[in-house]
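*Asks:* Handing you this structure, nothing more for now.
The values are calculated or read from the model by the stated rules, or taken from the named source; none is laboratory data. Only a predicted model underlies this, so the values are computations on that prediction, with no experimental measurement involved. Virtual Cβ from ideal backbone geometry, glycine too; neighbours counted across all protein chains shown.
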Amino acid sequence: MAEDVGEDIRKYIESHNVCTLAVADGKNPSAHTVYYASDGLRVYFESNSHSDKIRILKANPKICLTIDEDYKNWHKIKGIQLFGRARVVESKSAPKLDSLFRKKFPHLNELGGIPENHVFVEVTPEKIYFLDFEKQLGHKSVYYPKELGQGLLSKINW
């Protein structure tokens, strides 16, 4: 059963493009809408290396992110609330992640690609809530990813 939930979560993450990332600097929380790509349950996004969210993530890597839609019919509600850790990815991994983003978002080529002053961030999930009101109003599964390995970045041959 847990494996089925994990696969449902992976498919849901893969089928969406935007998430809301919540971070806290010890004084103030903040939420940021980011476009993302994924590899299994790992989520990757990019941002200006001097942005507030990157500054905060470097000081406090604990994050929460949500992926959902604007549903009018509550019987159809599905969504993800993911708790985990984020880290800025080493620049040597940037080409692989750039390729992942261009595959998911082909229009990046028309826009000139991801700016040079941006960095990639990898989010490793520790606990995921999956809402699925099609099963029952208020239904929520809790999933703890166990075997995440090293994700996409471990597959890079240098």
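*Asks:* Anything in the range 1-17 that is part of a helix (DSSP H, G or I) and of a type in the set (S, T, Y)? List them, or say none. Please lay out each step first, then the result.
*Replies:* As a first pass, look at the range 1-17 and keep what is part of a helix (DSSP H, G or I): 2-14.
Correct list: Y12 only.
*Asks:* Separate question: So the check is Cβ under 7 Å with 6+ separation or different chains; which pairs have a first residue in the range 96-107 that's closer than 13 Å to E46 by Cα and a second one that's loosely packed, with under 15 Cβ neighbours inside 10 Å and among the polar types (S, T, N, Q)?
*Replies:* Qualifying pairs under 7 Å: R102/N109.
*Asks:* Among the listed residues T33, T20, T66, identify the single one that is surrounded by 15 or more Cβ atoms within 10 Å (Cβ to Cβ), β-branched (V, I, T) and not in a loop (DSSP other than H, G, I, E, B).
*Replies:* On the way: T33 fails: surrounded by 15 or more Cβ atoms within 10 Å (Cβ to Cβ); T20 fails: surrounded by 15 or more Cβ atoms within 10 Å (Cβ to Cβ).
From the options T33, T20, T66, the qualifying one is T66.
*Asks:* Moving to a separate point now. Return the residue satisfying two criteria in turn: it lies in the range 69-99 and is hydroxyl-bearing (S, T, Y) and closer than 28 Å to P115 by Cβ, and of such residues it is surrounded by the fewest Cβ atoms within 10 Å (Cβ to Cβ). First the steps, then the outcome.
*Replies:* Initially, the range 69-99 is screened for residues hydroxyl-bearing (S, T, Y), giving 71, 91, 93, 99.
This time we only want the ones that are closer than 28 Å to P115 by Cβ, so: 91, 93, 99.
On the way: S91: 9, S93: 17, S99: 11.
Once the filter is applied, the top-ranked residue is S91.
*Asks:* Go through (1) at pLDDT 95 or above; (2) within 24 Å of K58 (Cβ to Cβ); (3) not polar (S, T, N, Q) one by one and return the number of the condition L131 breaks.
*Replies:* The number of the failed condition is (2).
*Asks:* Does G6 qualify as being crowded, with 19+ Cβ neighbours inside 10 Å and at pLDDT below 95? Full working, then the answer.
*Replies:* Working: crowded, with 19+ Cβ neighbours inside 10 Å: yes; at pLDDT below 95: yes.
Answer is yes for this residue.
*Asks:* Quickly run through the range 36-59 and pick out the residues that are without any contact (Cβ under 8 Å) to a residue 40 or more places away in the chain, surrounded by fewer than 18 Cβ atoms within 10 Å (Cβ to Cβ) and more than 22 Å from R102 (Cβ to Cβ).
*Replies:* D52, R55, K58, A59
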